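For reference, the structure discussed in these notes is given below.
We did not get these values from a lab; they are worked out from the coordinates using the rules stated. Since the structure is predicted, the reported quantities are computational estimates derived from the model, not experimental observations. Every residue, glycine as well, gets a Cβ built from its backbone with ideal geometry; the counts of neighbours run over all protein chains shown.
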C-alpha cells in the first residue's frame, strides 16, 4: 500500500512528514541508548613549557557495545530481507496482489524503535531509488507501515495481547497482530486519502479494509513462517 | 540463523524469487482503479531504477537479478550507516568536551 504522490493533500503529506521525522528522531535516540554506552576514560593534559604541569580528568564518550554491533548488523540484514520480501507480490482474489509489509516482523525481532528505523530505511530506498511510493508521500507511508503497523500494532498491541496469554500461543498472537497491522495500516491509508478530499472517505475506507482483510492473511502466514524457518530470535524487552 | 546466511537469503529472494512475483495491482492500486482516482498519481521523481526494471539491460532475468541485488544491498548499507553516525556523534561529544575544557 505504498502511496504515490498526488493522492494526498499537501497539508496531510507535510503534516505526516513532520510526524515521521519526530518518531524517527525518537527512534534514533532510543536505539543510541540501546546499542551504545557511555564509557569513562582518562584524559591527560601535559604542559611542559614553563615548569611541569599535569592535569588529568575523567571524561565520557559513547561507544557501541559488541551486543550493539550485533543488533545493528541484524537490523541491516532484516531490512534487506524485508525489502526482498516486499518484492514478492502474492495473488489474492480477483486480479489483486499483496505483499508483506514486515512491520510486525521487524517489531517482534528488533523491538519497536529499531523496527521503525528498519521499515523506514526500506521505504526510503523504495521511494528514492525505485519510485515505489511517492517522495512527498514518504511521511504518510512511514506513518502507515512504520508507526502504525510496526510500533503501534507490532509492539504495543502485541505486548498487551501477549500479557493475557501463555507463551504457547506466542506464534498465534504474532500471526493475529500481523494480520491486524495490515488492516490498521490500510485503514490509516484510506483515512488519509479520504480526508485529502481525493475520493469519498466512506467508500474508500470500506474498499481498502475489505481488500486488506485478505492481504493480511498473507502477512500473518509469512510473518510466522519467516520467524520459524529462519529461526529468528524474538526481542525480549 | 547466522547473519550472513540471512543476507544471502535476502539476495536470493530479491534477485531470483522475485521473478515469480504476481504482477497484478496491489490492494491500494486496485481500489484506486476501481474508484477512479488512480490517474491522480503524479511522478515528481522517476527514481534511479523505475518500476524495478534495471535500465539498459535487455535480459529480463539479469535485469531482475540486478534490481533485487541493488535494492537489498542499498537497504543493508543505509542501515549500516547508523553505526557510523553513532560513532561520529560520540567523537563530536568528545571534541565538545575538549573545547569546554580549554575554556
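Distance between the 7 Å Cα→Cβ label points at residue A:195 and residue B:3: 3.9 nm.
On full extension, the segment bounded by residue A:65 and residue A:156 gains 30.1 nm, given 0.36 nm per residue less the C-alpha separation.
What FRET efficiency, computed as 1/(1 + (r/R0)^6) with R0 = 56 Å and r the Cβ-Cβ distance, is obtained for residue A:93 and residue A:40, rounded to the nearest 0.05? Write down the numbers at each step before the final one.
Details: r = 61 Å, r/R0 = 1.09.
Calculated value: 0.35.
Going from the residue with the fewest nearby Cβ atoms within 10 Å to the one with the most, A:188, A:150 rank A:188, A:150.
When both the range B:1-47 and the range A:171-237 are represented by their alpha-carbon centers, they are found 16 Å apart.
Take the Cα pairs of the range A:141-216, get the Kirkwood Rh, then feed it into Stokes-Einstein at 20 °C and 1.002 mPa s and tell me D in µm²/s. Mind dumping the intermediate values first?
Working: Rh = 13.0 Å.
In µm²/s, the coefficient is 165.
Within the range B:30-84, the proportion of C-alpha pairs whose separation exceeds 16 Å stands at 62%. Figure legend: label point modelled 7 angstrom from the Cα of residue B:57 along Cα→Cβ; residues of the range A:81-120 with amide N under 20 Å from it are A:81-89. GNM on chain A, alpha-carbon springs under 10 angstrom: the most fluctuating residue among A:41, A:130, A:83 is A:41.
Peptide A:16-25 has a mean of 0 when you count, residue by residue, the C-beta atoms of other protein chains within 10 Å of its C-beta.
For the range A:26-180, the alpha carbon positions stretch 87, 43, 22 Å along the principal axes, listed from largest to smallest.
Residues B:60, A:219, A:192, A:236, ranked from the fewest to the most other C-beta atoms within 10 Å, line up as A:236, B:60, A:192, A:219. Shape annotation for the range B:3-102: C-alpha extents along the principal axes are 66, 37, 26 Å, from largest to smallest.
Note on B:65-76: average number of Cβ atoms from other chains within 10 Å of each residue's Cβ is 6.
Relative to the compact-globule estimate of 2.2 N^0.38 Å, the Cα radius of gyration of the protein assembly as shown comes out at 1.12.
The order of A:213, A:42, A:3, going from fewest to most other C-beta atoms within 10 Å of their C-beta, is A:42, A:213, A:3.
Here the sum of -39500 (n - 2.57) over DSSP H runs of 4 or more residues, divided by the residues of chain B, equals -21500 deg cm²/dmol at 222 nm, to the nearest 500. The modelled label-to-label distance between residue A:231 and residue B:87, using points 7 Å beyond Cα along the C-beta direction, is 3.1 nm.
At an R0 of 30 angstrom, the distance between the Cβ atoms of residue B:45 and residue A:217 translates into a FRET efficiency of 0.35. Dividing the summed helix terms, -39500 (n - 2.57) for each DSSP H run of n ≥ 4, by the number of residues in chain A produces a 222 nm estimate of -20000 deg cm²/dmol to the nearest 500.
Among the residues of A:192-203, the average count of other protein chain beta-carbon atoms within 10 Å of the residue beta-carbon is 2.
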